[in-house]
Amino acid sequence: MSQTPGDLATLEPLEPLETGAPAGAPVQMSADEAMLQSMRSGLPAPAMNPYCRDKTYYAFLWSGILMLVGTLMPFDANYGAAGYQTMGGACYLLLAIGMIRTWWGAINTNRSGGSSILWLLACFIPLVATIMTMAGFEAQKAYDMAVARGFIQGDYPFSAGWGAFFGDLGGALAKDAEASVRVGNFWRLLGPGVFFVFAGALIAELGFIGGVLGGAKKNKQLKQEKMAAAAEKRRKAKG
């Protein structure tokens, strides 16, 4: 049997929901908390801090990255082995990791500590070692050793020395194909990883020396300003 609209049960009116307690006043954040929340909301890169005052921190981080890349590359004509597989290369790798870790943290906290300075000073070791390696490098001896060990076979033209290398480098820039081959083979005999470790250590030490000289200049300027202020104070006292 069908139902008529009158047979339907009448719905009871719904009761109003509880409004609850009044909302509290918004909590005021300090300036540091507001800046921290702003940085976290955008999820910035860990090695990027827009409030970092000293831009040399980024140069030191970059020097560690260069050294790390260098240790992952060959230190001689054997392209089957990376530099970190040697004892010296392993030490350079540890230095590179230390540089990246400490200066990454310095960028994040906007402050350098004693450990970061110590890692920076330690980069003097790979700088001297790679300079000595490149200064004493003899392409012919490196080629003979590579052939004896089976790293190189067949015809292998290369720049005979640093002077010839820079001459061939100019030819390579002028689109000389043979000069480009000699330049590339020279780098293989030397080991490209040696150059990258040298470049990273050089950037680190140049930045350190620049920071020391800059600090000395600033201290001298502050001393002169204090002396001038004291002289002005004495002059006013006499007057």
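The values are calculated or read from the model by the stated rules, or taken from the named source; none is laboratory data. None of the values given here were measured: they were computed from a predicted structure. So basically every Cβ, Gly included, is an ideal-geometry build from the backbone, and we count neighbours across all protein chains shown.
The set of residues from region 182-204 being in contact with a Pro (Cβ under 6 Å, 6 or more places away or on another chain) and farther than 25 Å from residue 124 by Cα comprises just one member, 182. Can residue 106 be described as surrounded by 15 or more Cβ atoms within 10 Å (Cβ to Cβ), part of a loop (DSSP other than H, G, I, E, B) and either at pLDDT 85 or above or of a type outside the set (Ser, Thr, Tyr) (or both)? When the stated conditions are applied, residue 106 does not pass them. Being assigned to a loop (DSSP other than H, G, I, E, B), more than 24 Å from the chain's Cα centre (by Cα), more than 22 Å from residue 199 (Cβ to Cβ) and of a type in the set (Ser, Thr, Tyr) is true of residue 156.
The lone criterion from (1) in a loop (DSSP other than H, G, I, E, B); (2) in contact (Cβ under 8 Å) with a residue 24 or more places away in the chain left unmet by residue 195 is number (1). Looking at region 68-90, is at least one residue surrounded by 16 or more Cβ atoms within 10 Å (Cβ to Cβ), under 16 Å from the mean Cα position of the chain (by Cα), of a type in the set (Phe, Trp, Tyr) and more than 16 Å from residue 189 (Cα to Cα)? No: zero hits.
Do we find a residue being assigned to a helix (DSSP H, G or I) and at pLDDT 80 or above anywhere in region 209-226?
Yes: one or more hits.
A count restricted to region 142-175 and to residues that are more than 19 Å from residue 81 (Cβ to Cβ) and surrounded by fewer than 11 Cβ atoms within 10 Å (Cβ to Cβ) stands at 5. Scan region 125-142 and give yes if some residue there is among the aromatic types (Phe, Trp, Tyr) and in a helix (DSSP H, G or I), otherwise no. Checked region 125-142: no residue is among the aromatic types (Phe, Trp, Tyr) and in a helix (DSSP H, G or I).
If the condition is being among the aliphatic types (A, V, I, L, M) and either over 14 Å from residue 201 (Cα atoms) or in contact (Cβ under 8 Å) with a residue 24 or more places away in the chain (or both), then region 88-116 contributes 90, 93, 95, 96, 97, 99, 100, 106, 107.
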